[in-house]
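Have a look at the structure below before the remarks.
The values are calculated or read from the model by the stated rules, or taken from the named source; none is laboratory data. Because the structure is predicted, anything quoted here is derived from the model rather than measured. All Cβ positions, even for glycine, are placed from backbone atoms using ideal geometry, and neighbour counts span all protein chains on display.
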Ligand SMILES: O=C(O)CCC(=O)C(=O)O
Ligand SMILES: [Mn+2]
């Protein structure tokens, strides 16, 4: 039985060219289902338009960006909303567990089985080299898929992310691996994932230079 307040212990995942740690239960002192509902209700959700190979699409999920600085990815620019008390509380807990500091969070809301996220690396310039990204999940358990960029022999790695789990990706992980969340054939309920990030090098336009 995990200790709800200690956050349990982290498990290091043995994957080549990656630095991954998983806490099965972070322990926020509050029920994860309540947090899920609260995040769904109080977040300023948007469905972003993206362009892939010149074609416009609506992302198959809702998202929101909170924090201190704007962020750009896949050709879209996200203006940040100010931190809410809920997000500050979660950030505090994650910073204590990981002993790292984060200044931004990207929230993704997978409403059901038809929502997902394509394979990608979080390697935007604003995150600097070898970024640390702390990913916490609430709600439906979904598989996080990892694929090495060069080593096809490693195949797909599946990592189940239960409600209340925290995955820390750091070191060379983004350089060598892509990750994503597949849409499902079976029905499934809502899931909210928060990826805490640290923007270190604003791109020159963002800094007004
Ligand atoms: O939903 C997840 O677990 C992954 C989210 C993710 O990769 C991202 O926000 O960049
Ligand atoms: Mn990602």
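Name the residue that is farthest from ligand 2 (Cβ to nearest atom), counting only residues in the range 163-187 that are part of a strand (DSSP E or B) and surrounded by fewer than 21 Cβ atoms within 10 Å (Cβ to Cβ). Only one residue tops the list, namely 170. Here the strands (runs of 3 or more DSSP E) wholly within the range 32-114 that include at least 2 residues being over 16 Å from the mean Cα position of the chain (by Cα) are 49-52, 55-58, 76-78. Among the residues that make up the range 127-140, is at least one of them away from ligand 2 (no atom under 16 Å from the Cβ), in a loop (DSSP other than H, G, I, E, B) and surrounded by fewer than 21 Cβ atoms within 10 Å (Cβ to Cβ)? Yes, the range 127-140 has at least one match.
The number of residues in the range 144-162 that are farther than 16 Å from residue 118 by Cα and either outside any strand (DSSP E or B) or in contact with a helix residue (DSSP H, G or I) (Cβ under 7 Å, 6 or more places away or on another chain) (or both) comes to 7. For the range 81-92, the set of residues classified as crowded, with 18+ Cβ neighbours inside 10 Å and either free of Cβ contacts under 8 Å to residues at least 40 places away in the same chain or closer than 14 Å to residue 166 by Cα (or both) consists of 90, 91, listed by residue number.
Rundown of residues vs (1) within 12 Å of ligand 1 (Cβ to nearest atom); (2) at pLDDT 95 or above, yes/no style:
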{"site": "129", "(1), (2)": "no, no"}
{"site": "145", "(1), (2)": "yes, yes"}
{"site": "151", "(1), (2)": "no, yes"}
{"site": "161", "(1), (2)": "yes, yes"}
{"site": "165", "(1), (2)": "yes, yes"}
{"site": "172", "(1), (2)": "no, yes"}
{"site": "180", "(1), (2)": "yes, yes"}
{"site": "189", "(1), (2)": "no, yes"}
{"site": "201", "(1), (2)": "no, no"}
